[in-house]
1. For the range 169-188, name all the residues that are within 11 Å of Gln202 (Cβ to Cβ) and free of Cβ contacts under 8 Å to residues at least 60 places away in the same chain.
2. Looking at the structure I just gave you, is Pro236 assigned to a loop (DSSP other than H, G, I, E, B) and of a type outside the set (Asp, Glu)?
3. Yes or no: Glu252 among the charged types (D, E, K, R) and assigned to a loop (DSSP other than H, G, I, E, B)?
4. Looking at Ala191, Ala220, Ala203, Ala197, which one is more than 15 Å from Lys134 (Cα to Cα) and touching a residue at least 40 places away in the same chain (Cβ under 8 Å)?
5. Report yes if Gly61 is in contact with an Asp or Glu (Cβ under 7 Å, 6 or more places away or on another chain), closer than 22 Å to Pro236 by Cα and modelled with pLDDT under 95, otherwise no.
6. So, of the residues in the range 237-276 that are within 13 Å of the chain's Cα centre (by Cα) and surrounded by fewer than 24 Cβ atoms within 10 Å (Cβ to Cβ), which turns out to be nearest to Val136 (Cα to Cα)?
7. Hey, does the range 33-43 have a residue that's within 16 Å of Pro236 (Cα to Cα), buried (at least 19 other Cβ atoms within 10 Å of the Cβ) and in contact with a Ser or Thr (Cβ under 9 Å, 6 or more places away or on another chain)?
Amino acid sequence: MVALESTLFAHGLPGQAAPKVWSEVEGAVRDAGAVPAVIAVMEGKVRVGLDQAAWAKLGQGAEKAGLQDLGRLLAQGKTGATTVASTAFLAWKAGIGVMATGGIGGVHRENRDISADLPALALYPMVVVCSGAKSVLDLPATVEALETLGIPVVGFRTPRFPGFYLAETDFPVPAVQDEREVAQIVQCARALGLSQAVLVVQAPPEPLDRETHDRALHQALEEGRARGIRGKALTPFLLERLHQLTGGESVEANRKLVVANARLAARIARHLAPTG
């Protein structure tokens, strides 16, 4: 099985793009021989795997549900779209060992706010497949935080840490060449008793041009600062403004990298599945 975070679909993509990407991601996982499981809180219950009816409800204003929100949402009977952190926790509790997303959270540029994704990756022994950290973040500080927390990062056929919309950054990572090698790394880490997630990063299939990306991001950051947007509202705001400022190019890049990451996660999950 492959766990998928629901915030990606409820908050990370424009409404008209989300259902299409959701269908593509689920198809990519199934085509690679695994079972997709979008995780969310639906009307006060944890759901592991969503049908069309649940998906429709999730798209009707579900709040962004981090780890700190789970107890309240369950108690109040509310609906929430899970983040990387809360998805990793719930997947781990459900016995799912692999998840896919677009990009993890990290250290914010403006206020040094640290995403709950980072400590969660240090706590729950998942395999998390992504295209690095979101490029709206402070990537040097985020990479340093991953190292400080002891979270192993391996580049799938890349020697550089990718930057979500960007194919690569200045930060080197150990490269692996196939899913079998990833599975062996994970199995050895588990045999040692290491609790951290293994972060598998791969470059986006169709990255944004760096000049276009940097220009749009600079404007989005200035607007966010002027409007006083902070905390968990900042990343969705920046992603939406990048979508608008790049004429939809960032959404297309996001769509393709999410599908590619889901496909790779499914192949890794198959190598990790017990046989016999």
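The values are calculated or read from the model by the stated rules, or taken from the named source; none is laboratory data. As the structure is a prediction and not an experimental result, all values here were calculated from the model. Heads up, the Cβs are rebuilt from the backbone with ideal geometry, glycines too, and the neighbour counts pull from every protein chain shown.
1. If the condition is that a residue be within 11 Å of Gln202 (Cβ to Cβ) and free of Cβ contacts under 8 Å to residues at least 60 places away in the same chain, then Val173, Ala175, Val176 are the ones that fit.
2. Values: assigned to a loop (DSSP other than H, G, I, E, B): no; of a type outside the set (Asp, Glu): yes.
The answer is no for Pro236.
3. Numbers: among the charged types (D, E, K, R): yes; assigned to a loop (DSSP other than H, G, I, E, B): no.
So Glu252 fails the test.
4. Working: Ala191 fails: touching a residue at least 40 places away in the same chain (Cβ under 8 Å); Ala220 fails: more than 15 Å from Lys134 (Cα to Cα); Ala203 fails: more than 15 Å from Lys134 (Cα to Cα).
After applying the criteria, what remains is Ala197.
5. Values: in contact with an Asp or Glu (Cβ under 7 Å, 6 or more places away or on another chain): no; closer than 22 Å to Pro236 by Cα: yes; modelled with pLDDT under 95: yes.
No, not satisfied.
6. Going through the range 237-276, the residues within 13 Å of the chain's Cα centre (by Cα) turn out to be 254-255, 257-262, 265.
Filter again for surrounded by fewer than 24 Cβ atoms within 10 Å (Cβ to Cβ), leaving 255, 259-260.
Values: Arg255: 17, Val259: 21, Ala260: 21 Å.
Across the range 237-276, the extreme among qualifying residues is Arg255.
7. Filtering the range 33-43 down to residues within 16 Å of Pro236 (Cα to Cα) leaves none.
Looking for residues that are within 16 Å of Pro236 (Cα to Cα), buried (at least 19 other Cβ atoms within 10 Å of the Cβ) and in contact with a Ser or Thr (Cβ under 9 Å, 6 or more places away or on another chain), one finds none in the range 33-43, hence no.
Okay, residues lined up against (1) over 28 Å from Phe237 (Cβ atoms); (2) aliphatic (A, V, I, L, M); (3) in contact with a Ser or Thr (Cβ under 8 Å, 6 or more places away or on another chain):
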| site | (1), (2), (3) |
| --- | --- |
| Gly132 | no, no, yes |
| Glu147 | yes, no, no |
| Pro152 | yes, no, no |
| Gly155 | yes, no, no |
| Thr169 | no, no, no |
| Pro172 | yes, no, no |
